[in-house]
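Notes follow once the structure below has been shown.
The numbers here are math on the coordinates, done by the rules we state, and not lab data. The model shown is predicted, which means the values in this text are computed figures rather than measured ones. All Cβ positions, even for glycine, are placed from backbone atoms using ideal geometry, and neighbour counts span all protein chains on display.
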Amino acid sequence: MKFRLLLLASATVPAPAFAQEAAEPTGEEIIVTAQRNNQTQVRREGQVGILGDKAAEDVPFSIRSYSDALIYNQQPQTLGQVLENDPTIRTSYGFGNASEQFVIRGFTLFGDDVALDGLYGITPRQLVAPELYDSVQVLGGATAFLNGAAPGGSGIGGSINLLPKRADRTLTRATASYLTDGHVGASFDVARRFGGGAWGVRINGAHRRGDVAIDDENRRATVLGAGIDYRGTDVRLSLDLAYQKIRVEQLRPKVTLTSFIPRVPVVDANYAQPWTFTELEDLFGVARAEWDVSENVLLYAQAGARDGSEDGVYGGITVTGTDGTATGSALFVPRTDNNEAGQAGVRAKLSFAGTTHELNAGVSHIRQVNRNAFDFLGGFGGYATNLYDTPEVPLPATGFVGGDLDDPFPISRARLTSFFLSDTIGLANDRVLLTAGLRHQRIKVKGYNYYDGGSLASEYDESAVTPVVGLVVKPREGLSLFANRIEGLQQGPTAPVDATISNPGEVFAPTKSVQYEIGAKARFGRVNGSIAAFRITRPSAFAVPDTANPGLFRFGVFGEQRNQGVELTLDGELARGLRLIAGGSWIDAELRDTPVGAQDGNDAPGVPKLLANANLEWDVPAVKGLTLTGRVVATGEQPVDAADTLEIGGWTRLDLGARYVALVSDRPLTLRAGVDNVANKRYWASAFETFGTSLLQGQPRTFRLSASMDF
């Protein structure tokens, strides 16, 4: 309640008077400045966990950040649509709901494990509206030392960190948008600095609603964020508070398979029932403080919290016949989450005996409480439906219930505490940087029974040390060679709530993974490139037939998965006015030590061997203010099942667009138009699934229009 009152109070504080702006520039200068500010770009820097803000060339890890200009220009509805620009990531859904999960280096990153300003558990889960964030940072590889263990039990292939917007410049912007098929929205963004530039305030929000390109799928989103920061001589403070509410009705679900790959339905087909929906509401925020104790010593602390609630009737469809004959399922889930996270530490820079040292030491803590219940509506038998000619059926009656649907009690409580220490040693004028560190992590989890009022069902209290060793060598200006060995630590997986699973809700002990990586980063004028080769092994969690319960599957930790591959990324200005974001990755994902060796050596399901992206922007010289854009997204073939008997074909999608800056009353107006999936190609986009075998259909052709005015 205190957290809600704090947000309401911040929203009602009157804005202070601001200093007068400088004289207005000429019309041509306004257009040039607006066009430059609109340039979609990748930043080769970011927040590298406890190491702080670093340039990519100075750390032994793969890191890149996608700017707010990209979010403005592409008008994405979700975080997954922002990450379509990354050649190492593909996005899928959870089972039956709209929960985005990200496949990085062939391993999943749940929406629960996306960080906000370096803290886990604070970002809204399932779906994230991108309008509130200044940048989306991607860090490749296991990050248990850098960020701590992800509380959702994922993040082995990489992590995603969102940075809130700051008042870095004076801004007053209003935007209107339209999306096929009748989805309209409006947003605002206001930023000011005052007190001689020491204090900054940024407030932004958005509301959008309406049908999207998939037939009868309707989405609504409301977001509001407020950020206040203080930049003193020795002290820096910030407070970010935000509210997000999203509702998705008749979400087109993933398609669960039996023994064959069904042909892809028409591109805008929707095989969901009209009573399916997901409603997500979150109130969250982060406070941060930094103090320069001396020129070389920094103390820092931050804390965050999230109160989240969910309500939804999720639908599933399992295809049993080549004519589209299928069985539908319905699951009602009410849920709330109460999460807190914090960390504090000291960072000191020393030099002696011809070497430099950057020392980091600190502590972090995460506390999470999840309350939920479920109702398999209609029981486990399901109802008759069809993938290609979906009949409308009534909402099934209450079936198999777990927990208290009216007032869900705790199903899990988690505490993650860690202590960390590291040293980055600089040699030869910091042209050689050696990083070594340890993080001692303790994970304490309690799982409660859905039945008999929520009695304790499982409990573990485990600890582990996750080390890191990394090396950076800079043989010349603009070239950085790097290598690392880093471990990942996962909170034990939880068996999903599903009609086919015999042990829903069972919590397993933590698991560890190991990554080895070598690579190079180079800068050629205004172009940046990087290449990295990696190898990651981790225990695998999936469902196998349950011999004790014929017809059902038992979820558990079985064997391991080894992913190895090569990533190449390229971005920058190839020539004046011509910008590129591109890259590709090759992954060999193999199953090992599976039960009785039945699947040893098989390709891991849902992991394509090849990924490629190319995003090009061209400022047309002959028409001042006009920029043409194009993007190609390509994904290779994907194995569907662990037995390697099924596979979906590769696909390539073309997106085109343009934007134009015009002057209206000496104010810049930016007009944007874009078409995703220009050819209206129909394809199975993803076969990635945490358990079972299911497919996600690609999005239909979608037209995007927006207009932004800076006042």
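Give me the net charge of S480's neighbourhood, meaning all other residues with Cβ under 11 Å from the Cβ of S480; Lys, Arg count +1, Asp, Glu -1. Net charge around S480: +3. Measuring r between the beta carbons of E28 and A69 and using R0 = 25 Å, the FRET efficiency lands at 0.75.
Computed FRET efficiency, Cβ-Cβ of T170 and A548, R0 60 Å: what is it to the nearest 0.05? Numbers along the way, then the final one.
Details: r = 66 Å, r/R0 = 1.11.
Efficiency for this residue pair is about 0.35.
As a ratio to 2.2 N^0.38 Å, the alpha-carbon radius of gyration computed for the stretch 129-231 takes the value 1.39. Which residues in the stretch 56-90 have a backbone N closer than 18 Å to a point placed 7 Å from the Cα of A522 along the Cα-to-Cβ line? Once the point is set 7 Å along Cα→Cβ of A522, 56-58, 62-63 turn out to lie under 18 Å by backbone N, inside the stretch 56-90. Normalised by 2.2 N^0.38 Å, where N is the number of residues, the alpha-carbon radius of gyration of the stretch 367-511 equals 1.67. What is the ratio of the Cα radius of gyration of the stretch 227-288 to 2.2 N^0.38 Å, where N is its residue count, to two decimals? The value comes to 2.09. Each Cα pair under 8 Å and six or more residues apart adds its sequence gap; the mean of these over the residue count of the stretch 330-378 is a relative contact order of 54 percent. With a simple spin-label model that places each label point 7 Å from the Cα along the Cα-to-Cβ direction, the separation between E459 and A428 comes to 5.5 nm. Determine the distance separating the Cα centre of the stretch 250-282 from the Cα centre of the stretch 565-594; give it in Å without decimals. With the stretch 250-282 and the stretch 565-594 each reduced to a Cα centre, they are spaced 30 Å.
Is the stretch 315-368 rounded, prolate or oblate when judged by the Cα gyration tensor, a ≥ b ≥ c being the square roots of its eigenvalues, rounded requiring a/c under 1.5 and prolate requiring a/b larger than b/c?
Taking the square roots of the gyration eigenvalues as a ≥ b ≥ c, the stretch 315-368 is oblate.
Entry note, the stretch 108-254: relative contact order of 18 percent, from Cα contacts under 8 Å with a spacing of 6+ residues. Summarising the label geometry, the points placed 7 Å from Cα in the beta-carbon direction at L616 and F711 lie 3.9 nm from one another. A convex hull fitted to the Cα coordinates of the stretch 658-711 yields 87 cubic angstrom per residue. As a calculated quantity, the FRET efficiency between H440 and R485 at R0 = 25 Å, using C-beta atoms, amounts to about 0.90. Taking the stretch 600-624 and a reference point 7 angstrom along Cα→Cβ of E647, the backbone N atoms nearer than 16 Å belong to 601-611. Selection among Y66, Q101, Q47 by position relative to the dipole of the stretch 33-102 gives Y66 as farthest towards the positive end (Cβ unit charges, Cα centre).
Reported to the nearest whole Å, the Cα centre-to-centre distance from the stretch 43-112 to the stretch 597-637 is 14. The residue among L427, H365, A221 whose Cα reaches farthest toward the positive pole of the charge dipole of the chain, with charges on the beta-carbon of Lys, Arg, Asp and Glu, is L427. Checking the a/c ratio against 1.5 first, then a/b against b/c, what shape does the Cα gyration tensor give for the stretch 292-338? Judged from the Cα gyration tensor, the stretch 292-338 comes out oblate (a/c at least 1.5, b/c at or above a/b). In this structure, the pairs whose alpha-carbon distance is over 20 Å, taken from K349/K512; K254/K512; K54/K165; K444/K512; K54/K474; K254/K681, are K349/K512; K254/K512. Calculate the all-directions average of the projected area of the stretch 251-329's alpha-carbon convex hull, and give it in nm². Projected area, direction-averaged: 10.1 nm². Its convex hull of Cα atoms gives the stretch 420-499 a direction-averaged projected area, equal to a quarter of the hull surface, of 8.6 nm². The overall shape of the chain, judged from the alpha-carbon gyration tensor, is rounded, with an a/c ratio under 1.5.
The modelled label-to-label distance between F400 and D452, using points 7 Å beyond Cα along the C-beta direction, is 1.9 nm. Quick one: Debye curve from the C-alpha atoms of the stretch 355-403, no solvent, what's log10 I(q)/I(0) at q = 0.18, 0.19, 0.26, 0.27 Å⁻¹? Log10 I(q)/I(0), no solvent term: -0.80, -0.83, -1.03, -1.06.
Neighbour counts of C-beta atoms inside 10 Å place V473, V138 in the sequence V473, V138, starting with the fewest.
Using C-alpha pairs below 8 Å separated by at least 6 residues, the relative contact order for the chain is 11 percent.
By the Stokes-Einstein formula, at 1.306 mPa s and 10 °C, the stretch 66-218 with its Kirkwood radius over alpha-carbon pairs has D equal to 95 µm²/s. Averaging the Cα positions of each part gives two centres, and for the stretch 449-527 and the stretch 696-711 these lie 34 Å apart. Ranked for footprinting exposure by Cβ neighbours inside 10 Å, fewest first, F376, F260, F482 give F260, F376, F482.
Annotation: the residues V59, V255, sorted from fewest to most other C-beta atoms within 10 Å of their own C-beta, follow the order V255, V59.
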